[in-house]
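Here is the structure we will look at, set down as structure tokens.
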């Protein structure tokens with residue numbers, strides 16, 4: 001899932017991006033209201049986290065632009081302003097939640113997960129292909145009923161592969177979606193991650209789901225029924 005953070009405080013923004021990335025999310029960070037609005041209107045995000053006091057456009061204006069464009073992504077306000085009228089204004093403009101600085105990251109992560117679950121159709125909570133199941137809400141993976149423990153990055157990689165199954169995904173796309181980085185041909189981080197994921201979901205099973213397409217990338221293939 002992709003999350004947008006609009007936060008002008010450098011330390012806070014970097015802290016949030018690192019924490020949410022380690023929790024398995026793909027994160028974009030904007031430092032002012034104009035850039036945040038452009039990203040919110042042109043990209044597809046599951047959630048936006050907005051500071052209120054921003055250079056360029058403030059958080060209220062960014063939120064108004066998001067709602068005017070018909071985008072219904074959940075919006076969480078993060079701000080040092082704790083006045084009741086500020087919270088009411090944000091909610092009336094279409095915000096979904098409000099967290100006051102300073103905050104504990106564990107609370108923010110809990111609120112993020114709650115917002116992402118809200119209103120999500122039940123049929124999208126579990127992704128499956130063959131005997132492999134990915135439970136997004138409980139962050140649980142099973143194959144043939146056997147529980148498989150994955151790291152946050154492995155879970156994010158598997159979610160990408162299963163959502164786009166039967167499609168060859170180039171390494172550059174995997175790098176940007178899972179690691180939020182530009183692909184560097186000198187690094188083997190993707191090959192290592194795929195190898196570790198295969199060891200967990202394929203090695204002990206007769207049918208191998210993750211395939212390498214030489215010179216192109218990787219694909220999670222639907223088994224051919226005989």
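The values are calculated or read from the model by the stated rules, or taken from the named source; none is laboratory data. Just so you know, these numbers come straight off a predicted model, no measurement behind them. Backbone-built Cβ (ideal geometry, glycine too); neighbour counts: all protein chains shown.
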> Quick check, is residue 192 out of contact with any strand residue (DSSP E or B) (no Cβ under 9 Å at 6 or more places or on another chain) and either in a loop (DSSP other than H, G, I, E, B) or not assigned by TED's automatic domain parsing to the domain that holds residue 163 (or both)?
Replying inline: no
>> If I go through the stretch 74-103 residue by residue, how many of them are part of a loop (DSSP other than H, G, I, E, B) and at pLDDT 90 or above?
In response: 1
> Residues of the stretch 7-21 being in a helix (DSSP H, G or I) and surrounded by fewer than 18 Cβ atoms within 10 Å (Cβ to Cβ), which ones?
Replying inline: 10, 11, 12, 14, 15, 18, 19
> In the stretch 157-174, what residues are in contact with a helix residue (DSSP H, G or I) (Cβ under 6 Å, 6 or more places away or on another chain) and at pLDDT below 90?
Replying inline: 171, 174
> Is it true that residue 154 is over 22 Å from residue 111 (Cα atoms) and touching a helix residue (DSSP H, G or I) at 6+ places or on another chain (Cβ under 6 Å)?
Replying inline: yes
>> From the list 58, 35, exactly one residue is surrounded by fewer than 23 Cβ atoms within 10 Å (Cβ to Cβ) and either within 19 Å of the chain's Cα centre (by Cα) or closer than 24 Å to residue 180 by Cα (or both). Which is it?
In response: 35
> What number goes with the only condition from (1) over 23 Å from residue 157 (Cβ atoms); (2) not in a helix (DSSP H, G or I) that residue 65 does not pass?
Replying inline: (2)
> Quick one: how many residues across the stretch 132-145 are surrounded by fewer than 17 Cβ atoms within 10 Å (Cβ to Cβ) and in contact (Cβ under 8 Å) with a residue 40 or more places away in the chain?
Replying inline: 2
